[in-house]
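Data block below; observations after.
The values are calculated or read from the model by the stated rules, or taken from the named source; none is laboratory data. Computed from a predicted model, the values in this text were never measured in an experiment. Here the Cβ positions follow ideal geometry from the backbone for every residue, glycine too, while neighbour counts run over all protein chains shown. Ligands, DNA and RNA are stripped out before the accessible areas are found, and what is left, the full protein with its side chains, is counted by its heavy atoms. Shrake-Rupley method; radii C 1.70, N 1.55, O 1.52, S 1.80 Å.
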Amino acid sequence: MEPIVKMENVNKWFGSLHVLKDINLEVAPGEVLVIIGPSGSGKSTLIRTINRLEPIQEGRIVVDGVELNEDLRNVEAIRREVGMVFQQFNLFPHMTILDNVTLAPTKVRGLSKEEAERKAMELLERVGIADQAEKYPAQLSGGQQQRAAIVRALAMEPKIMLFDEPTSALDPEMIGEVLDVMRELARSGMTMLVVTHEMGFARDVADRVIVMDEGRIIEEGPPEEIFSNPKEERTKNFLHRILHH
Amino acid sequence: MRALAWMKRNLFNGVWNTLLTLVTAYLLYAVGRAILVWAFTEARWQVIPANFRLFMVGPFPPEAIWRVWVALAIFLALVGFTAGVVVRRRYLGTAAAVAGVLYLLAFPVLLPSSRLGLLAAAFAGGLAWLLAGSIAPRLARRLLAPVWFLGTLAAIQVLSGVPSQRWGGLLLTVIATFFAVVLAFPLGLLLALGRTSKMPVISLLSTLYIELVRGVPLVTVLFLAWIMVPLFVPEDFRVPQLVRGIAGFVLFAAAYLAEYVRGGLQGVSRGQWEAAWALGLSGFQTVVFIILPQALRAVIPALIGQVIAIFKDTSLFVIIGIMDLLSMAQVVLSNPKFLGLEREVYLFVMFVYFLGAASLSFLSRRLEAAMGLGKR
């Protein structure tokens, strides 16, 4: 099958800092890809290049058949098809949860207010926070906010979902409720790229795990192989640190 | 008893504090007594009622005064309509009470026709409030902007039956403040966006303008606008003084507003931009729906502060010969009948400015409280 995300020889610098080095990556439709690695290894930057929150200096990125380049129309077309969930939720604090969710479908997709609200309520129901629809983000717990943020992205009916450490800012007791939503989403066949430190989630849900270090993909493979039989010394060290702390 | 204990603890603990308390108390007593004695025995307050019309509307021709009442009725109707749409009911009681007290205070001073005019205008406001409450909220909200636009045009049209050279007093101060604020706001917004823009030319020009205007006194900008504005219109068209004066204020205030808004813009986290972009919103949509609402909310106190500053600074109109409230004081004092009554006249003018500024300030706090809900 044709890959839905394709990165070829991607290089990126922050000033003189070389943060992505010769990245080659293909993601198949419906695949759940988990990206792990020590902090500062370029995981977040990698997924942020896919909807061009971070521009790249070298290489090609093709998303759903559209090449990402300077052309703003291409960028906006891709962003419509790629949902993103952030570590800090980034809900819009001046809008109710319902308005957060319906904003993009009405303004970008041109849905009617009624249609967008009907769909929003369905999705909020699915993640268990329909009763919070009229509240403002600040009135919700972290876990509820992150679920709302996932719904906000899903309301655009994206083909790909990017998760940038979605549980790292959460209190431990709320991590589970967010991971459950992500598990369900993975089962429904969504293409997902997930940067996370939740190794349990990676083991259960990922089709493939890639390990990054110092801007490079150093190892990739099915989760059972990566976790029980890593080839690279650096992967072993990283897994040792994160699993036995 | 608790009061006594409090005083002993805070005012009379030790020799020095006791001494300080006594001296302060005596000074307060002496000054307060002098002022009160003056206000109730010597002051000749008759100068205020005798010139009340002059303070309120300046040399506006008495036979055309109905135009002011109609304009006021339109204005209050606009305010009432807006209140009906956005303000919760419990504040309306406060507003009505304040208006009632002011009305009773002014009652003995007013001509019978003015008593009626004020009542009629207040009635128009109440009616508009009821109207706003009776139509669908979403529709009312959508009507807000066009209603204000048309209403303002209508009010100005009605007033224009009298040439603007004959507008004066509080009427002129309010009109000038209103238009200065309404016009300076969009300009300030554009300048703020311009200064934070990534395009170097736009950013440079905006920065240059803002720093230039903020680097010179308001009076010079007023003079400049007064001299320069006629250069930009055909020679045979005489630009009214008032328009030139307001233009000066707009140019000046926009630079300050821009800096406040910029502060607000920079306070919105980068994550908000990214979240909006990631949803596929365009740059324009991101600014309008996500960034500006948060930025403006954060700087409401500063923005209203600027409105109050404009309101008070219109008193500088004296210098370019526009007859605002303060220059009415000079007109009254130059009348031989009222010679030597500076204290009464200026105290009254101060009081009127204070009333205006205080109610704006009150409004600001209410607005903050009402909008604070969605903040994190």
* **Where B:Tyr260, B:Tyr26, A:Tyr136 fall by accessible area, highest first, once all protein chains stay in place (1.4 Å)** => B:Tyr26, B:Tyr260, A:Tyr136
* What is chain A by shape, rounded, prolate or oblate, if you read a ≥ b ≥ c off the alpha carbon gyration tensor as root eigenvalues and call it rounded for a/c under 1.5, prolate for a/b larger than b/c, and oblate otherwise? -> oblate
* Beta bridges by DSSP in the protein assembly as shown, antiparallel share as percent, to the nearest 5 -> 50
* Sulfur and carbon atoms: percent of accessible area, chain B [1.4 Å] -> 74
* Asked: Heavy-atom accessible area of B:Phe123 with all protein chains present, probe 1.4 Å, nearest 10 Å²?
  -> 140
* **Other protein chain Cβ atoms within 10 Å, averaged over every residue that makes up B:237-250** => 0
* Among B:Trp226, B:Trp167, what's the order by accessible area (1.4 angstrom probe), most exposed first? -> B:Trp226, B:Trp167
* Asked: In segment A:205-245, which trypsin sites (Lys or Arg not before Pro) are in a loop and have at most 10 other Cβ atoms within 10 Å, using DSSP for the loop call?
  -> none
* Cβ-Cβ FRET estimate between A:Asn24 and A:Leu243, R0 fixed at 35 Å, reported to 0.05 -> 0.80
* Asked: Roughly how tilted is helix A:172-187, in degrees to the nearest 10 and between 0 and 90, from the longest Cα axis of chain A?
  -> 90
* Filter on A:Lys43/A:Lys236; A:Lys43/A:Lys135; A:Lys159/B:Lys198 - keep pairs with C-alpha separation over 25 Å -> A:Lys43/A:Lys135; A:Lys159/B:Lys198
* Asked: If you place +1 on the Cβ of every Lys and Arg, -1 on the Cβ of every Asp and Glu, and leave all else neutral, what size is the dipole of chain B about its Cα centre, to the nearest 20 Debye?
  -> 1300
* Structure fact -> Calc'd 3J(HN,Hα), segment B:284-295, phi into Karplus 6.51 cos²θ - 1.76 cosθ + 1.60 (θ = phi - 60°), Hz, glycine/Pro = x, comes to 5, 4, 4, 5, 6, 8, 10, 7, 4, x, 6, 5
* Of B:Glu344, A:Glu2, which has the most accessible area with a 1.4 Å probe, and how do the rest follow in descending order? -> A:Glu2, B:Glu344
* **Spin-label pair B:Phe284/B:Arg138, simplified geometry with 7 Å Cα→Cβ offset, distance in nm** => 2.4
* What accessible surface, in Å², does a 1.4 Å probe find on A:Lys159, ignoring ligands, DNA and RNA and rounding to the nearest 10? -> 90
* To do: Please work out the FRET efficiency for the pair B:Val23 and B:Ala50, using the Cβ-Cβ distance as r and a Förster radius of 51 Å; give the result to the nearest 0.05.
  => 0.80
* So what is the calculated 222 nm ellipticity per residue for chain B, using -39500 (n - 2.57) for each DSSP H run with n of 4 or more, over all residues, to the nearest 500 deg cm²/dmol? -> -24500 deg cm²/dmol
* To do: Would you mind computing, in nm to one decimal, how far apart the modelled labels at A:Ala130 and B:Trp16 are, each placed 7 Å from Cα along Cα→Cβ?
  => 7.0
* Please report, largest first and rounded to whole Å, the three semi-axes of the ellipsoid equivalent to chain B, where each semi-axis is the square root of five times an eigenvalue of the C-alpha gyration tensor. => 37, 31, 25
* Other protein chain Cβ atoms within 10 Å, averaged over every residue that makes up A:85-91 -> 4
* Asked: For chain A, which span is the longest to avoid every loop-located (per DSSP) member of GluC sites (Glu not before Pro) having at most 12 other Cβ atoms inside 10 Å?
  -> A:135-245
* To do: Only Lys, Arg, Asp and Glu count, each charged at its Cβ (+1, +1, -1, -1), so figure out the dipole size of segment B:61-161 about its Cα centre, rounded to 20 debye.
  => 480
* Asked: Tell me, what is the 1.4 Å probe accessible area of A:Lys135, in Å² to the nearest 10?
  -> 80
* Peptide B:262-275: average number of partner chain Cβ atoms within 10 Å per residue? -> 3
* Counting only heavy atoms of protein chains, what accessible area per residue, in Å², does segment B:201-310 have with a probe of 1.4 Å? -> 46
* Assigning unit charges at the beta carbon (Lys, Arg +1; Asp, Glu -1) and nothing else, what dipole magnitude in debye, to the nearest 20, does segment B:167-376 show about its Cα centre? -> 600
* Degrees separating the helix A:233-243 axis from the principal Cα axis of chain A, which is the longest one -> 40
* **Between A and B, accessible area buried - total, square angstrom, nearest 100, 1.4 angstrom probe** => 2200
* Structure fact -> Of the DSSP H helices in chain B, the ones reaching 30 Å or more along their long axis in Cα terms and averaging at least -1.0 in Kyte-Doolittle hydropathy are B:15-37, B:65-86, B:112-134, B:137-159, B:169-196, B:241-267, B:342-371
* Whole-number accessible area per residue in Å² for segment A:39-154, which is evaluated in the context of all protein chains at 1.4 Å -> 39
* With the Cα gyration tensor of segment B:167-376 giving a ≥ b ≥ c as the square roots of its eigenvalues, does the rule (a/c under 1.5 for rounded; else a/b larger than b/c for prolate; else oblate) give rounded, prolate or oblate? -> oblate
* Asked: Net charge near B:Gln165, counting Lys/Arg +1 and Asp/Glu -1 over other residues with Cβ under 14 Å of its Cβ?
  -> +2
